[in-house]
Amino acid sequence: MNFINEFFKQFSDNKIDFVLKKDDEYFYAEKELLELSKKIPDCYPGLSLGKEINGVFSPSLFLLELLAEISKNKVFVSKKAEWNFLCGKDLLPENIVIDESKSNIFLVQNKDDKNLGYAKFEEKNGQKIIKNILDRGDYLRRELN
Amino acid sequence: MGLFKFFKKKVAKEIQIDDLLDWLDSFVNEKNISEEIIFINREFRAKREKLKEYLNKLEESNLKDPSLIPERARSIFEGNKESYIKKIRKYLLGLNVPEKYDEVHDFLEKTAEELESLATETQKNFYILNEFVGDQVRPVATKLAEFDKLISSAVERMDRTDLKKVYAVKKLLKEYYDWETQILELRRDIEEINEKKLDLFERKGKLDSKLNEIKSSASFKEYESLKLKLEKLEEETSSLEKYISKLILSLESAIKKYVRDNKDSVLNKYLKNAAKAFVEDVEFILFSELSKLKNSISKLELKKDKEERICKELNALDETKLKDKHEKFSSNKEEILALNKRIKNNSGFLNFREHQGWVKALEDNIADEEFKIEEVENKLERLNPRLLKQKIRDMIKDMDEYVVLK
């Protein structure tokens, strides 16, 4: 469970319970469901929290949503920036309306405190940018391809 | 010694609410309620055994002369006998008086209900069997009816004990603990909401300082000066609008008659909407048209005094002044359009407006959280475990005057 715990730690001091790892994927399920799934072969219970891909943990949007409920490591972006971020674009620091980031990696929220994805601060051509790592538009874009 | 013991004053005993269940158990034992239950159980067992015996006899019973009875009637008899016995045996299976005193009441209630439905279910079986083996089936039915009486008498016996009071206290105690749990949960809710509210306030504080930052920025200062300019221009334009509308209104009766014969005159447009026509009158034909009107005023058949007043007004008109007003009006209108465009695209203003929206949303969220707190507090107010505790205390005192619930 190291990967998911390490990822979780970046956003919250809380621990995530009821996690099951199957192959390279992590699942979130209530205790009873976890117990039951142990008795059923090839059963993938609950909701996916993310996957390990080439030694790197890639979270699911559900996990980000869970984190958004408890984490205080967030930045809130303007309406225009919200759209750009959902289209997979990087943002500029001036797009941040409220900065509550506690580390280099943080959750990106809109005006209504809804999670849009997560990002990190990065330097590009000498300018600080908000590098989009994962956003809610990802699924749609993958559908298009 | 015994006599002294009798006269010895009984000391009041204090018990805590958490010890109440144990006290109720000992109260039940002291009041011989368990013995009542044992007695009821014995009665039930005796009747059950007797009924089992009758059922066995019924099961063994056969038709007196099967050869005289048609095959179909025989199978009807067998089918009904089997079903009758099966239903009653099933009922007897659940007929065990519980040992725990707090389960007896529910048991008696449930058994009475089951007996009633058993009677309905087996009615048809009984009539059929009564035709063939009446001597064997009637004792079964009689014994079943005795169960009804037994249940009623058991209920009466239990009612004579203090068990009802014990049940009532237990019910209140459950309610008391439920309320306590609810109160704990509601208090936790309030804490959570307050924490959320604090976060929102913190966020709002950040936004407020950012709003002040925006307000002191160069682009927002530009927006403010543009807005001031716009307001001034709009005020000036509005007074020019009023002037032209008033002028046309004072000449209205003459213009109306004049445009009847001069349908293409620009005055027609001025009659409909003076301010609009004033802007559209790019070549400023208004004055020349008013001069034409002045020249033909005698032909318009106006009343003498009206004609004189209008003539006086037309004579007082100064072409240069009117032209200046026209130019000012047109340029103001153009400038207002340009200013509005600049204001709309002013980054300081856009930023300010967005942040204002955020502050508004946060204020709404804070108001929502406050409403939630109010709701939870209202719920908390309605939960009064102390009142319940007092009720329990009164009941306990009624059951044993030497026991005080702390």
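The values are calculated or read from the model by the stated rules, or taken from the named source; none is laboratory data. The shown structure was predicted, so the numbers you read here are calculated from the model rather than taken from an experiment. So basically every Cβ, Gly included, is an ideal-geometry build from the backbone, and we count neighbours across all protein chains shown.
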* Asked: When region A:28-57 is examined, which residues are found to be without any contact (Cβ under 8 Å) to a residue 12 or more places away in the chain and either within 14 Å of chain B (Cβ to nearest Cβ) or at positive phi (or both)?
  -> A:Asp42, A:Asn54, A:Gly55
* To do: Could you check, for region B:163-175, whether at least one of its residues is more than 30 Å from B:Leu24 (Cα to Cα), without any contact (Cβ under 8 Å) to a residue 12 or more places away in the chain, more than 14 Å from every other protein chain (Cβ to nearest Cβ) and among the charged types (D, E, K, R)?
  => no
* To do: May I ask you to list the residues in region A:58-106 that are part of a strand (DSSP E or B), away from chain B (no Cβ under 14 Å) and either buried (at least 18 other Cβ atoms within 10 Å of the Cβ) or touching a helix residue (DSSP H, G or I) at 6+ places or on another chain (Cβ under 8 Å) (or both)?
  => A:Pro59, A:Leu91, A:Phe106
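Can you tell me which of B:Leu21, B:Leu51, B:Leu108, B:Leu58 is in a helix (DSSP H, G or I), outside the structural domain of B:Ser152 (by TED's automatic domain parsing) and in contact (Cβ under 8 Å) with a residue 40 or more places away in the chain?
That would be B:Leu21, the only listed residue that is in a helix (DSSP H, G or I), outside the structural domain of B:Ser152 (by TED's automatic domain parsing) and in contact (Cβ under 8 Å) with a residue 40 or more places away in the chain.
Every residue, every condition in (1) loosely packed, with under 12 Cβ neighbours inside 10 Å; (2) at pLDDT below 90; (3) among the aliphatic types (A, V, I, L, M), yes or no:
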| site | (1), (2), (3) |
| --- | --- |
| B:Ile297 | no, yes, yes |
| B:Lys303 | yes, yes, no |
| B:Leu317 | no, yes, yes |
| B:Phe329 | no, no, no |
| B:Lys341 | yes, no, no |
| B:Ser347 | no, no, no |
| B:Asn378 | yes, no, no |
| B:Pro385 | no, yes, no |
| B:Val403 | no, yes, yes |
* **Hits in region B:381-406 (condition: within 15 Å of B:Val166 (Cβ to Cβ), of a type in the set (Asp, Glu) and free of Cβ contacts under 8 Å to residues at least 60 places away in the same chain)** => B:Asp394
* Asked: Does B:Leu300 satisfy the condition of being without any contact (Cβ under 8 Å) to a residue 40 or more places away in the chain and either in contact with a Lys or Arg (Cβ under 9 Å, 6 or more places away or on another chain) or at negative phi (or both)?
  -> no
* Asked: Residues in region A:29-45: is at least one in a helix (DSSP H, G or I) and hydroxyl-bearing (Ser, Thr, Tyr)?
  -> yes
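Starting from residues that are surrounded by 15 or more Cβ atoms within 10 Å (Cβ to Cβ) and outside any strand (DSSP E or B), keep the ones in region A:107-127 and report whichever is farthest from the other protein chains (Cβ to nearest Cβ). Talk me through it step by step, then tell me what you get.
Restricting attention to region A:107-127, the residues satisfying the condition of being surrounded by 15 or more Cβ atoms within 10 Å (Cβ to Cβ) are A:107-111, A:113, A:115-121.
Pick out the ones that are also outside any strand (DSSP E or B) and you get A:110-111, A:113.
Values: A:Asn110: 10, A:Lys111: 5, A:Asp113: 8 Å.
Selected residue: A:Asn110.
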* To do: Mind checking which helices (runs of 4 or more DSSP H) fall wholly inside region B:282-400 and carry at least 1 residues that are closer than 30 Å to B:Glu202 by Cβ?
  => B:347-382
* **Subset of region B:59-76 (residues that are at pLDDT 90 or above and touching a helix residue (DSSP H, G or I) at 6+ places or on another chain (Cβ under 6 Å))** => B:Glu59
* Asked: Out of all the residues in region B:96-117, is one or more farther than 30 Å from B:Asp400 by Cα, modelled with pLDDT of 90 or more, crowded, with 17+ Cβ neighbours inside 10 Å and out of contact with any Gly (no Cβ under 9 Å at 6 or more places or on another chain)?
  -> yes
* Asked: Taking the stated definitions as given, is A:Arg136 exposed (fewer than 12 other Cβ atoms within 10 Å of the Cβ), among the basic types (Lys, Arg) and away from chain B (no Cβ under 14 Å)?
  -> no
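Yes or no, residue by residue, for (1) more than 14 Å from chain A (Cβ to nearest Cβ); (2) closer than 28 Å to B:Lys232 by Cβ:
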| residue | (1), (2) |
| --- | --- |
| B:Ile343 | yes, yes |
| B:Gly348 | no, yes |
| B:Leu387 | yes, no |
| B:Ile396 | yes, no |
| B:Met399 | yes, no |
